[in-house]
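Notes follow once the structure below has been shown.
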Amino acid sequence: MRQVEASGRTVEEAVEHALTQLGAAAEDVTVEILDAGARGMLGLGSREARVRATLRESTAAVVHRMAERFVKALGYPAAVRVREGQDAIAVEIRGKDLAALIGRRGATLEAFELLLGLMAAKATGTHPRVTVDVEGYWDRRRAWLETLAEQAAERAERQRRPVVLPPMPARERRIVHTTLAARGGVTTASSGEGAQRRITVSPRGPAPEGGAPERVLEDSDA
């Protein structure tokens, strides 16, 4: 966080001097008036105005600082990288022995993601969408879910009966729905409550009579 103090004959002039030192525009800093100054009488008792100007951090910089602090507090020797995209701020954490930070099926990672987003929102007054990945976990998980979705669709089409997938959180169900959205031979629908909410992949057209849904119970931590 960069911060400077500057003075001038007026507060406005002091602010201009501070902006010049920071190389920033007025909207990118917060200004604290330390002394409004005084003109004095006949040149006597005059006093320059003084201000303190602080360069505002970008939301991405705030997220990066908080993520590093959090990981360090937990005792993980890891590197934190932040990329700011059009629709989200992506945090990538790399290191050794980070399985505990991921948790069962990414549960701890999702909680960290939510906490980091809330902390950044409070600190910046914005509402950033923050995503967090550890050692490429979400890429592996997405690939596994896409494979599972395609296998379920093939089975549903081949056997002409619905296939029920394991319970999944909302972000994983979205991946399955998206993966199969363009596949003309099946439909997908979510059912159940809370942690037991799951997707059923059904073949289009009439199903054979007496055909009970087939459950796919296998899951993976990817």
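Determine if region 93-102 includes at least one residue that is outside the structural domain of Glu193 (by TED's automatic domain parsing), in a helix (DSSP H, G or I) and closer than 29 Å to Ser191 by Cα.
yes
Rundown of residues vs (1) surrounded by 16 or more Cβ atoms within 10 Å (Cβ to Cβ); (2) in a strand (DSSP E or B), yes/no style:
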{"site": "Leu115", "(1), (2)": "no, no"}
{"site": "Lys122", "(1), (2)": "no, no"}
{"site": "His127", "(1), (2)": "no, no"}
{"site": "Thr131", "(1), (2)": "yes, yes"}
{"site": "Trp138", "(1), (2)": "yes, no"}
{"site": "Arg158", "(1), (2)": "no, no"}
{"site": "Arg161", "(1), (2)": "yes, no"}
Flagged in region 163-172 as more than 10 Å from Thr200 (Cα to Cα) and either crowded, with 19+ Cβ neighbours inside 10 Å or of a type in the set (A, V, I, L, M, F, W, C) (or both), in numbering order, are Met168, Ala170, Glu172
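Search region 191-218 for residues being modelled with pLDDT of 80 or more and small (Gly, Ala, Ser), and hand back the single one that is surrounded by the fewest Cβ atoms within 10 Å (Cβ to Cβ). Full working, then the answer.
Of all residues in region 191-218, those modelled with pLDDT of 80 or more come to 191-204.
Filter again for small (Gly, Ala, Ser), leaving 191-192, 194-195, 202.
On the way: Ser191: 10, Gly192: 13, Gly194: 6, Ala195: 10, Ser202: 20.
Filtering first and then ranking leaves Gly194.
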Note: among Ala149, Ala156, just one is more than 23 Å from the chain's Cα centre (by Cα) and modelled with pLDDT of 95 or more, namely Ala149
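When you go through Ala36, Ala73, Ala67, Ala18 one by one, which is the residue that is touching a strand residue (DSSP E or B) at 6+ places or on another chain (Cβ under 7 Å), of a type outside the set (S, T, N, Q), at pLDDT 85 or above and in the same structural domain as Val91 (by TED's automatic domain parsing)?
After applying the criteria, what remains is Ala67.
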When Leu34 is run through (1) assigned to a strand (DSSP E or B); (2) aliphatic (A, V, I, L, M); (3) over 30 Å from Trp138 (Cα atoms); (4) touching a Ser or Thr at 6+ places or on another chain (Cβ under 7 Å), the failure sits at (4)
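The values are calculated or read from the model by the stated rules, or taken from the named source; none is laboratory data. No experiment lies behind these values; they were computed from the predicted model shown. Every residue, glycine among them, receives a Cβ derived from its backbone with ideal geometry; neighbour counts consider all protein chains shown.
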